[in-house]
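Heads up, the thing below is written out as structure tokens.
The values are calculated or read from the model by the stated rules, or taken from the named source; none is laboratory data. As the structure is a prediction and not an experimental result, all values here were calculated from the model. Note: ideal-geometry Cβ built from the backbone for every residue, glycine included; neighbour counts use all protein chains shown. With ligands, DNA and RNA removed, areas are computed over all heavy atoms of the protein, side chains included. Shrake-Rupley method; radii C 1.70, N 1.55, O 1.52, S 1.80 Å.
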Amino acid sequence: AGLVASDSSCQFDATIQHDDTNPDADAALADVLAAIDALPWSVVAILPGAETGVLLADRLSDSHSSGDTRKNPIGLSQARRNKYVMGETIRKAGVRAVKQKIASTWEEASAFLKGWNPDPFKVIVKPNQSAGSDDVFLCGSLEEVKRGFDKINGAINGLGVVNEGVLLQEFLEGKEYVVDSVSVEGVHKTVAIWEYDKRAANGAKFVYYGMRLYESETGEREEALVDYMHKVLDALEIRNGPSHGEVMWTKNGPCLVEVGSRPHGGEGTFVQLVEQPIGYSQLSVMIDAHENRHKFFNLPRRPERLKAHAMEVCLVNSHEGHLVGLANEKLTSLASFQDVEWKVKVGEHIPITIDFITSPAAVMLMHHDREVVERDQEIIHSTEGLMDVKRIAVNHL
């Protein structure tokens, strides 16, 4: 899948493989549960590491024999993974939700749009179960919606899942935020708030240019975002474990884009960007929720004033080709530079950046002065020669 690095390497104390190719899903689940019970430790949590693990983690937690295993009610498992069901579930609970329709045929999609007749015509078309702005289109006409629908329906998305149907939604105009939280027995602690920097580039509408730790002068917007997100978590019965919520701040206040019942992603680069400014991370709080519960319950409802400012800057490549050279010294010389994670190695193919998946690198910035961080991210996006790309010739005949 596009969101999983091909050279990822991790070491674990034990590895248990779930056989998702087994036609007997119950037997496959029983095999994993038996392997878990055979471990020489007491298992207190079964948590998903990514979107593709949400449903399995819910089933394993629900079926695990240990009474010490915290879990989320299995009845709303689909609502925590399926974006359409998610939206309808929070709407039913009285929480602001986006206007939407899941369509498996163009006839369904067309009928929905004709009955809705959005004015102005701005419609989001996207997969129902993907991530990272993978195949997310902002369409200004029925013809554009049809092109997006045909591209998505039945295709394999960035998570390696076949798109069964296409999600059509109203376009939410405003600024997009991330609200990361950890929950224990229905008590929610927001551990970080981020502001997305998404721009139009390379023919795509939602290209990731970065995300910054968010802090306003008064804290009012943070309070409203946290209030709203905690209502979403309650509606979806995310009572235990991490969550990664994306919320649009519109002229009418916050509205959910989607929430993952799992940790913040991005190869875990967020950890080094929050520990100094905030004093803890979603990962450390997830551990404290089981090992040091008093620390969890003593945390503030949301982070207090930041001790430093941080931003993850996503590089944007405009020419398809092969990466033949890097100019790391142009990054390491920046005053706020912390680290860089290259997703593409010299000699490898480098695609045009159209979403998070196709961004070639992430640069981590941190400094006590917000203006230094903002200046450095502008330098990164305006600097020529960070990547030496040998272009692929395109024959337009």
- [ ] Could you tell me whether Gly245 is within 17 Å of the chain's Cα centre (by Cα) and modelled with pLDDT of 95 or more?
- [x] yes
TODO: Residues being assigned to a helix (DSSP H, G or I) and either closer than 18 Å to Pro263 by Cα or at pLDDT 95 or above (or both): count how many of those fall in segment 75-99.
DONE: 14
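Could you run through segment 136-160 and say how many residues are closer than 18 Å to Glu51 by Cα, open to solvent by less than 50 Å² (accessible area, probe 1.4 Å) and either of a type outside the set (Gly, Ala, Ser) or at pLDDT 90 or above (or both)? Let's see the steps before the verdict.
To start, the set of residues in segment 136-160 that are closer than 18 Å to Glu51 by Cα comprises 136, 155-160.
Subsequent filtering for residues that are open to solvent by less than 50 Å² (accessible area, probe 1.4 Å) retains 136, 155, 157-160.
Remaining after also requiring either of a type outside the set (Gly, Ala, Ser) or at pLDDT 90 or above (or both): 136, 157, 159.
Going through segment 136-160 one residue at a time, the tally reaches 3.
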Open item on the list: Of everything in segment 362-386, what is within 22 Å of Gly203 (Cβ to Cβ) and open to solvent by 20 Å² or more (accessible area, probe 1.4 Å)? Give them in sequence order.
Closed with: His381, Ser382, Glu384
- [ ] Only residues that are out of contact with any strand residue (DSSP E or B) (no Cβ under 9 Å at 6 or more places or on another chain) and among the acidic types (Asp, Glu): list them for segment 211-235, please.
- [x] Glu217, Glu220, Glu223
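So, Glu223, is that one in contact with a helix residue (DSSP H, G or I) (Cβ under 6 Å, 6 or more places away or on another chain), open to solvent by 20 Å² or more (accessible area, probe 1.4 Å) and more than 25 Å from Val372 (Cα to Cα) or not?
Judged against the criteria, Glu223 is not a match.
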Task: Of the criteria (1) surrounded by 20 or more Cβ atoms within 10 Å (Cβ to Cβ); (2) assigned to a helix (DSSP H, G or I); (3) in contact (Cβ under 8 Å) with a residue 60 or more places away in the chain, which one Asn72 fails - done: (2)
- [ ] Quick one: which residue in Asp13, Asp19 is modelled with pLDDT of 90 or more, surrounded by 10 or more Cβ atoms within 10 Å (Cβ to Cβ) and of a type in the set (D, E, K, R)?
- [x] Asp19
Open item on the list: For segment 113-143, which positions are in contact (Cβ under 8 Å) with a residue 12 or more places away in the chain and either in contact with a Pro (Cβ under 9 Å, 6 or more places away or on another chain) or charged (D, E, K, R) (or both)?
Closed with: Lys122, Lys126, Asp134, Asp135, Val136, Gly140
- [ ] Would you mind stating whether Val389 is at pLDDT 95 or above, surrounded by 15 or more Cβ atoms within 10 Å (Cβ to Cβ) and more than 21 Å from the chain's Cα centre (by Cα)?
- [x] no
- [ ] Take segment 193-223 and flag every residue that is in contact (Cβ under 8 Å) with a residue 40 or more places away in the chain and on the phi > 0 side of the Ramachandran plot.
- [x] Asn202, Gly203, Gly210
Task: Among the residues listed as Val207, Val191, Val178, the single one being at pLDDT below 95 and in contact with a strand residue (DSSP E or B) (Cβ under 8 Å, 6 or more places away or on another chain) - done: Val207
Task: Criterion (under 25 Å from Phe137 (Cβ atoms) and charged (D, E, K, R)) met by exactly one of Glu312, Glu291 - done: Glu312
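A quick yes/no check of all residues on (1) part of a loop (DSSP other than H, G, I, E, B); (2) closer than 17 Å to Ser243 by Cβ; (3) more than 19 Å from the chain's Cα centre (by Cα):
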site: Ser181; (1), (2), (3): no, yes, no
site: Val191; (1), (2), (3): no, yes, no
site: Phe206; (1), (2), (3): no, no, no
site: Thr218; (1), (2), (3): yes, no, yes
site: Leu225; (1), (2), (3): no, yes, no
- [ ] Take segment 105-119 and flag every residue that is in a loop (DSSP other than H, G, I, E, B) and open to solvent by less than 70 Å² (accessible area, probe 1.4 Å).
- [x] Thr105, Pro118
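So is Glu275 acidic (Asp, Glu), over 21 Å from Ser336 (Cα atoms) and more than 17 Å from the chain's Cα centre (by Cα) or not? Reasoning before the result, please.
On the way: acidic (Asp, Glu): yes; over 21 Å from Ser336 (Cα atoms): no; more than 17 Å from the chain's Cα centre (by Cα): yes.
No, not satisfied.
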- [ ] Identify the residue in segment 40-54 that is more than 17 Å from Arg70 (Cβ to Cβ) and in a loop (DSSP other than H, G, I, E, B) and, among all such residues, is modelled with the highest pLDDT.
- [x] Pro40
Task: Residue selected from segment 23-54 under the condition within 21 Å of Ser181 (Cβ to Cβ) and open to solvent by less than 50 Å² (accessible area, probe 1.4 Å), by the criterion farthest from the chain's Cα centre (by Cα) - done: Ala45
Open item on the list: Given the condition open to solvent by less than 70 Å² (accessible area, probe 1.4 Å), of a type in the set (D, E, K, R) and in contact with a helix residue (DSSP H, G or I) (Cβ under 7 Å, 6 or more places away or on another chain), answer yes or no: does some residue in segment 86-97 qualify?
Closed with: no
TODO: Could you tell me whether Val125 is touching a Phe, Trp or Tyr at 6+ places or on another chain (Cβ under 9 Å) and buried (at least 18 other Cβ atoms within 10 Å of the Cβ)?
DONE: yes
